[in-house]
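Have a look at the structure below before the remarks.
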Amino acid sequence: MSAYDFTAQRLFVRDELAPGAELLPSAEALNYLLNVLRMREGAAIHVFNGRDGEFRATLFDVSRRSARLRVAERLRVQLQRADLDYCFAPLKQARLDYMAQKATEMGAGRLMPVITRRTQIRRLNAARLESNVIEAAEQCGVLAVPEVAAAIELPDFLARLPAERLLVFCDEHAAIANPLDALEGRTARNGVSVLIGPEGGFDDAEREAIRRMPNVVRLSLGPRVLRADTAAVAALAIVQAAIGDWRSPAPPQVSTENK
């Protein structure tokens, strides 16, 4: 079997996937296939659902406003989500869109909105957040589509965090200036939660509550003040490089079926 083609068009579907299955795309997916990509009868696309792996599919029974997809061979086996939570105070919509996309690209397994005292945006459009996650997964070859968790208040988040789970607290007042030094000797064996606060940061009581957690690392993100959406990329890059999957990246999980 030839190497996986990361330049191929990809489509996220919610259907179960197996060779021979026939799918009826949603109205949104049909518009994308027929009007954006301008695909015609027999055209191929990669489909995935975050559960069964990735498959080649071909378009058939095409008309001006409808079409179906026939699933063929599996191209990649399914990967598990990383046990890496990106926990963030909700942002204004455009910046939230960017943050969701980049967290997905950076390998987060779950996006968790955390409401703090200084959080300005307290009502989230969960459907739009999920849509941005899916779009990023489609564009970047991601198989393990991150979960989008329900929003949670900071005290509840801290109370429910398992004691053995590593909490990476992005703190501009961290005593260790070098973030890689701060993570030295730590592991992601029991999972990692990366926590970034709102504009204006956590208040003193919140900061103290976070510092009292049993397995917390205070992480500096450098000498400059970063916007929260930029901090997402910086923090996840540091964590992935120090204790995550950047240290020994796995090769693409290409299926050997029908080889």
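The values are calculated or read from the model by the stated rules, or taken from the named source; none is laboratory data. Everything numeric in this text was worked out from a predicted model, so none of it was measured. Every residue, glycine among them, receives a Cβ derived from its backbone with ideal geometry; neighbour counts consider all protein chains shown.
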* Please specify each residue of segment 45-68 satisfying the condition of being of a type in the set (A, V, I, L, M, F, W, C) and within 22 Å of Ala144 (Cα to Cα). => Ile45, Val47, Phe48, Phe55, Ala57
* **Positions within segment 8-40 being part of a loop (DSSP other than H, G, I, E, B) and farther than 18 Å from Ala144 by Cα, in sequence order** => Pro19, Gly20, Ala21, Leu24, Pro25, Ser26, Leu37, Arg38, Met39, Arg40
* Test result for Met106, in contact (Cβ under 8 Å) with a residue 24 or more places away in the chain, surrounded by 18 or more Cβ atoms within 10 Å (Cβ to Cβ) and in contact with a strand residue (DSSP E or B) (Cβ under 7 Å, 6 or more places away or on another chain) -> no
* Asked: Does at least one position in segment 54-63 carry a residue that is in a loop (DSSP other than H, G, I, E, B), of a type outside the set (Gly, Ala, Ser) and free of Cβ contacts under 8 Å to residues at least 24 places away in the same chain?
  -> yes
* Among the residues of segment 89-105, is any over 11 Å from the mean Cα position of the chain (by Cα), outside any loop (DSSP other than H, G, I, E, B), of a type in the set (S, T, N, Q) and farther than 14 Å from Ile196 by Cα? -> yes
* Considering only segment 146-183, state which residues are surrounded by fewer than 17 Cβ atoms within 10 Å (Cβ to Cβ) and either without any contact (Cβ under 8 Å) to a residue 12 or more places away in the chain or in a strand (DSSP E or B) (or both). => Glu147, Ile152, Glu153, Asp156, Ala159, Arg160, Asp181
* Structure fact -> Being within 17 Å of the chain's Cα centre (by Cα) and surrounded by fewer than 17 Cβ atoms within 10 Å (Cβ to Cβ) narrows Leu24, Leu111, Leu79 down to just Leu79
* Asked: Can we say Asp52 is touching a strand residue (DSSP E or B) at 6+ places or on another chain (Cβ under 7 Å), of a type in the set (D, E, K, R) and within 28 Å of Asn125 (Cα to Cα)?
  -> no
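Before we move on, is Gln139 surrounded by fewer than 20 Cβ atoms within 10 Å (Cβ to Cβ), assigned to a helix (DSSP H, G or I) and at pLDDT below 95? Step through it out loud before you land on a result.
Numbers: surrounded by fewer than 20 Cβ atoms within 10 Å (Cβ to Cβ): yes; assigned to a helix (DSSP H, G or I): yes; at pLDDT below 95: yes.
For Gln139, the condition - surrounded by fewer than 20 Cβ atoms within 10 Å (Cβ to Cβ), assigned to a helix (DSSP H, G or I) and at pLDDT below 95 - is met.
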